[in-house]
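A short worksheet on the structure shown next.
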DNA sequence: TCAAAAGTGTTTTCTCTACACCCATGT
DNA sequence: ACATGGGTGTAGAGAAAACACTTTTGA
């Protein structure tokens, strides 16, 4: 949700006189069962614009930067405000500052991307103006938000390739097959279960619990727990 | 250079009333011969603060975001203004928005990182208030700029590991040994020349010219040219 | 002719992949 | 018992590392 200025129509001189507005937006990913196949797929919540510009279109949750919040806090806050979600992973995605992203005033959006666990995601409040969408094949969104989502997806797939990101889409305890399903959903290809298991046990920071997931149709799989830190990469953020 | 507000002293209520200022800064890397060994090492230009806060300390080149520029253009522009440089590579690094980065007003800095070729770097204007420093072992800089440089270095090394970034630090034509020297300088370890050569010819986008670098002490090495695109990674920026 | 870097070839080692196989459970 | 996913073992392909070796120049 880009902040709207005090003018209602675009005006070149006014536009140039105003400083660029600063907004925070968030791309929130969660795993939900596909409506058709039932297999887990990527979803994200969007909010409907209730005013111009782009009134009626769907957009990423967001808002202006509150004075008392760091960028990270601001992202977490209006994520909670609009969707009621608390992310298990939250990282800066990119700062979008093109001149014509918003028709009236110039807006610079600092965009974060988040991942929430399924239990959280189910509790997310849905309403007339807040709804979940499948991440692939989105309709046209407000502003440049389609591009932003595409970029977030690209980065998610990139991190997935050699990182321990998948765990943040799962609950506290999970089976290795569930991790594999996340990879397959996000990367959109099948993965050999045997080799995948080995890769995980070598590199990723997980530990076996002594619990097993009961209630399945077949041999109960062992449950694992993620032991890695949330920020296993960069030194600054 | 963070933009200074109209107040001279920090004042809580004023601080909260003002919107956060938006600034652009740039970390510029170039290859220069080490003063001691003569081997190429990483350097970056800094500008001296001529006003409070942090008056007298060195800082990253930067300034406020001009209305008519995209973020990328703004970075390129004040890079040219302060150092006279035209980058061969320019990419967004991160948006830094901590609450207390600047003492008086809250400043959100969108930081870019750039690489310039040695011929360019030699033409860079140095003065009392603009000087080149070795990227490792920097003194204390203004604001949080030490952290920013560290993060830029981390990202540079990361990209170097499996990318075609090194070429942007070199001229149009280069020997394979020069590319290897860049890798060794940035990653700070030796690399087997034979294996390195093979890796490059497989993956990286370079083509052999029919020229050789004359004037060395030994067998003249063949010159190569970079043929890859500048943006071989993300879809958005 | 010798030193040193350019460039090539070869062996060894490691990692990734494919796939055969056993295990444990619900039906 | 048997079908099915959980879990282990292993042989082959391909990439990476280590290093011996030839080539070409300046001194």
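General observations
- Lone qualifier among B:224, B:162 - being more than 30 Å from residue B:107 (Cα to Cα), within 14 Å of DNA strand C (Cβ to nearest atom) and within 14 Å of chain A (Cβ to nearest Cβ): B:162
- Residue B:76 being out of contact with any helix residue (DSSP H, G or I) (no Cβ under 6 Å at 6 or more places or on another chain), modelled with pLDDT of 90 or more and not in a loop (DSSP other than H, G, I, E, B): yes
- Pick from region B:79-103, criterion in a helix (DSSP H, G or I) and surrounded by fewer than 22 Cβ atoms within 10 Å (Cβ to Cβ), ranking: nearest to the chain's Cα centre (by Cα): B:80
- Residue A:155 meets all of the listed conditions (1) within 11 Å of chain B (Cβ to nearest Cβ); (2) touching a strand residue (DSSP E or B) at 6+ places or on another chain (Cβ under 7 Å); (3) over 21 Å from residue A:83 (Cβ atoms) but one, namely (3).
- If you check A:76, A:68, A:23 for being closer than 21 Å to residue A:118 by Cβ and either within 14 Å of chain B (Cβ to nearest Cβ) or free of Cβ contacts under 8 Å to residues at least 40 places away in the same chain (or both), only one passes: A:76.
- Residue match in region B:197-214 (condition: within 16 Å of DNA strand D (Cβ to nearest atom) and touching a helix residue (DSSP H, G or I) at 6+ places or on another chain (Cβ under 6 Å)): yes
- Qualifying positions in region A:167-179 - within 16 Å of DNA strand C (Cβ to nearest atom) and within 12 Å of residue A:204 (Cβ to Cβ): A:176, A:179
- Members of region A:159-168 found to be farther than 14 Å from residue A:224 by Cα and under 14 Å from the mean Cα position of the chain (by Cα), listed by number: A:159, A:160, A:165
- The lone criterion from (1) in a helix (DSSP H, G or I); (2) free of Cβ contacts under 8 Å to residues at least 60 places away in the same chain; (3) within 21 Å of residue A:87 (Cα to Cα); (4) away from chain B (no Cβ under 12 Å) left unmet by residue A:171 is number (1).
- Check on residue A:200, under 30 Å from residue A:98 (Cβ atoms) and not assigned by TED's automatic domain parsing to the domain that holds residue A:82: no
- Taking the conditions (1) modelled with pLDDT of 90 or more; (2) surrounded by 13 or more Cβ atoms within 10 Å (Cβ to Cβ); (3) not in a strand (DSSP E or B) in turn, residue A:224 satisfies each one other than (3).
- When residues of region B:104-140 are limited to those that are assigned to a helix (DSSP H, G or I) and in contact with a strand residue (DSSP E or B) (Cβ under 6 Å, 6 or more places away or on another chain), the one nearest to the other protein chains (Cβ to nearest Cβ): B:121
- Filtering A:185, A:194, A:152, A:177 for residues that are closer than 30 Å to residue A:24 by Cβ and within 16 Å of DNA strand D (Cβ to nearest atom) leaves a single hit, A:185.
- Some residue of region A:141-151 being within 16 Å of DNA strand C (Cβ to nearest atom), surrounded by 13 or more Cβ atoms within 10 Å (Cβ to Cβ) and assigned to a helix (DSSP H, G or I): no
- Of the residues screened, residue B:213 is not one that is within 16 Å of DNA strand C (Cβ to nearest atom), farther than 30 Å from residue B:55 by Cβ, surrounded by 18 or more Cβ atoms within 10 Å (Cβ to Cβ) and in contact (Cβ under 8 Å) with a residue 24 or more places away in the chain.
- Qualifying residue in region B:108-125 (condition: at pLDDT below 95, over 20 Å from residue B:90 (Cβ atoms), more than 16 Å from DNA strand C (Cβ to nearest atom) and in the same structural domain as residue B:60 (by TED's automatic domain parsing)): no
- Members of region B:172-206 found to be loosely packed, with under 15 Cβ neighbours inside 10 Å, under 26 Å from residue B:154 (Cβ atoms) and within 19 Å of the chain's Cα centre (by Cα), listed by number: B:187, B:188
- All positions within region B:81-103 that are more than 14 Å from every other protein chain (Cβ to nearest Cβ) and over 30 Å from residue B:173 (Cβ atoms): B:103
The values are calculated or read from the model by the stated rules, or taken from the named source; none is laboratory data. These numbers come from a predicted model, not from an experiment. Cβ coordinates were reconstructed from backbone atoms using ideal geometry, including for glycine residues, and neighbour counts include every protein chain displayed.
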